[in-house]
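See structure below.
The values are calculated or read from the model by the stated rules, or taken from the named source; none is laboratory data. The structure presented is a predicted model; accordingly, all values stated were derived computationally and were not measured. Glycine gets a Cβ as well: all are built from the backbone with ideal geometry, and neighbour counts include every protein chain shown.
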Amino acid sequence: MKKLFRIIGWIVFAILVVVTFSFLWNKTRKPRAQYAVETVKQNDTIENKIVLTGTIQPRDEVAIKPQMTGIVAELLHKPGDIVQAGDVIARLSVVPEMIQVNSSMSRVKVAEITFDQRKEKYLRDEELFKKGVIAKEEFEASKAAYEQQQEELNSAIDALQIVRKGVSNRSAKETSTLVRATISGKILTIPVKVGNSVIQANNFSEGTTIATIANMDDLLFIGKVDETEVGRLNVDMPMAISVGAVAEKKYDAVVEYISPKGDDKTGATLFEIKGALAVDKNDDIRAGYSANADVVTERAVNVLSLPENCIEFRNDSTFVQLVTKENPLETKELYVKTGVSNGLKIEIKSGLKSGQKVRGIEKSKKD
């Protein structure tokens, strides 16, 4: 009886060993890879494009500056207003300096004294000329000196009026106290307020900007392109502009400028690019809107295509695994010639036909 139990025990032990070994072997055995199967497609369109980030800016933006130093007395427009060239934007009041006032007053007094002297001499010479006492040349010289001094007096009076009021009586229509628009367009900014002091442009200062005006019907996309991609761009290439603030609408543009010099302030060398933007006048596009530009550098239309992950690259050649049997999966290596790629799909120029199947990526990796 004991012998029977011993035999049964050994049999149970052997079964446990076999089961354990089988379990461990199956657990450590590498499962057979499962691959996706992709079909070669016909009539596909593949585009290789560069995406640029930038902003929308007016082509011409003009800073309006005063022609004299003074204080802003009145602002006649606000940002967003449409103005025509010559429209008055602001009015300035003059705060005269006493030194200039005194100097101008002194000039007027001197001019008046000299004028009175020349006038008396002219009137006296006129009587003598009528009596034939002096020659015509002497009389004409006296008359010219009188008229010249009269103009000098008027000029001194004008200078005093300009110092005091910013405008003279003789040039009231062209007063420099009125700041006018130099171009037609939309006012973008008015960085000053009533009461601010402003100065005119001179050799030592750019002057105070009263307003900036731009023609918002002539806009540009201005962006940056990396040095690794700038060589793929050319002037006159079409662009598709997406403006962040205008949803579900794209605008046509054309590359018109690529900077010949890069900027490496950000750590990467970037080149400025500009594109002329075609905008619908009904769209309220504002200066400074952020935008993206899609520039198609390559395009293949009505071609055979495959997912790019089906392609095997070795040296300068490309291969695919052509499916000869699906269940179980069997393949053979085949050389193919490829073309345009967008990173997801790639053009097949030769080596495959429409409808053929090739091995794709492993399903575990695909998932």
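Here are some notes:
- Test: residue in segment 54-69 that is over 22 Å from R286 (Cα atoms), loosely packed, with under 13 Cβ neighbours inside 10 Å, at pLDDT 85 or above and in contact with a strand residue (DSSP E or B) (Cβ under 6 Å, 6 or more places away or on another chain): no
- Scanning segment 322-358 for residues that are over 24 Å from N48 (Cα atoms), in contact (Cβ under 8 Å) with a residue 60 or more places away in the chain and part of a strand (DSSP E or B) turns up V323, K357.
- Count of segment 304-321 residues, restricted to those that are part of a strand (DSSP E or B), out of contact with any helix residue (DSSP H, G or I) (no Cβ under 9 Å at 6 or more places or on another chain) and over 16 Å from G343 (Cα atoms), is 3.
- Those residues of segment 191-205 which are touching a strand residue (DSSP E or B) at 6+ places or on another chain (Cβ under 7 Å) and either at positive phi or free of Cβ contacts under 8 Å to residues at least 12 places away in the same chain (or both), in sequence order: G195
- Taken over segment 70-80, the criterion of being in a loop (DSSP other than H, G, I, E, B) and within 15 Å of K193 (Cα to Cα) is satisfied by L76, H77, K78, P79.
- Here A145 fulfils each of the conditions (1) closer than 23 Å to N196 by Cα; (2) assigned to a helix (DSSP H, G or I) apart from (1).
- A291 vs. criteria touching a residue at least 12 places away in the same chain (Cβ under 8 Å), touching a Pro at 6+ places or on another chain (Cβ under 6 Å) and buried (at least 16 other Cβ atoms within 10 Å of the Cβ): no
- Residues of segment 315-330 satisfying the condition of being more than 15 Å from V40 (Cα to Cα), surrounded by 13 or more Cβ atoms within 10 Å (Cβ to Cβ) and of a type in the set (S, T, N, Q): T318
- Annotation: T297 fulfils all but one of (1) modelled with pLDDT of 90 or more; (2) touching a helix residue (DSSP H, G or I) at 6+ places or on another chain (Cβ under 8 Å); the unmet one is (1).
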